[in-house]
Amino acid sequence: MPNYSIVVDLSDRRLYLKDGNQTVLSYPVGIGKVATQTPNGQFTIINKQPNPGGPFGAFWMGLSKPHYGIHGTNEPWSIGKLVSHGCIRMHNKDVLELQEKVSIGTPVTIQS
């Protein structure tokens, strides 16, 4: 059984899915603007919702920090840029692949 965790590296704007210490998948992400930066810290996934509507694309995974999450986007051009209000944006196909592998309670580390 895999021991998955997520690491979001803000400096290279990538999300890494890890199994123990080994990176198994890596995705480009859009992160918070200067005025609404993505927070550093240790969090967990507390909920998952397909097709949340609005700008959140195909899937939403809420973090233990209220109002922050990992989600898809209806603006694929924004991936790799400083564009969000602090959330982590992914291509819809990527967030759908990721959500199949992680469960509620998966640890998420966000680092600069």
Whole-number percent relative contact order across the chain, with pairs defined as alpha carbons under 8 Å at least 6 apart: 34 percent
T106 long-range amide H proximity, modeled H, under 5 Å: I45
Accessible solvent surface per residue of the range 1-69, calculated while the other protein chains remain in place, 1.4 angstrom probe, Å²: 54 Å²
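Which percent of the accessible heavy-atom area of the chain goes to carbon and sulfur, probe 1.4 angstrom?
Carbon and sulfur together cover 52 percent of it.
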Tensor-based shape of the chain (alpha-carbon gyration tensor, a/c under 1.5 rounded, otherwise prolate or oblate): rounded
Debye, to nearest 20: dipole size of the chain, +1 on Lys, Arg Cβ, -1 on Asp, Glu Cβ: 180 debye
Cross-link pairs K33/K93; K33/K101; K18/K101; K18/K65; K18/K81 - those with Cα-Cα distance over 19 Å: K33/K93; K33/K101; K18/K65; K18/K81
Amide H contacts under 5 Å for K48, placed H, 5+ residues apart: G62
Estimated 222 nm signal from helices in the chain, with DSSP H stretches of n ≥ 4 weighted -39500 (n - 2.57), rounded to 500: -2500 deg cm²/dmol
Within the chain, longest stretch clear of exposed trypsin sites (Lys or Arg not before Pro) (DSSP loop, no more than 16 other Cβ within 10 Å): 34-80
Label-reachable residues, the range 57-84, where backbone N falls under 15 Å from a point 7 Å from Q49's Cα toward its Cβ: 57-73
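The values are calculated or read from the model by the stated rules, or taken from the named source; none is laboratory data. On a predicted model such as this, the values are computed, not experimentally measured, just so you know. Positions of Cβ are backbone-derived with ideal geometry, glycine not excepted, and every protein chain shown enters the neighbour counts. Quick note on the areas: whole protein, heavy atoms, side chains included, nothing else; ligands and nucleic acids left out. Shrake-Rupley method; radii C 1.70, N 1.55, O 1.52, S 1.80 Å.
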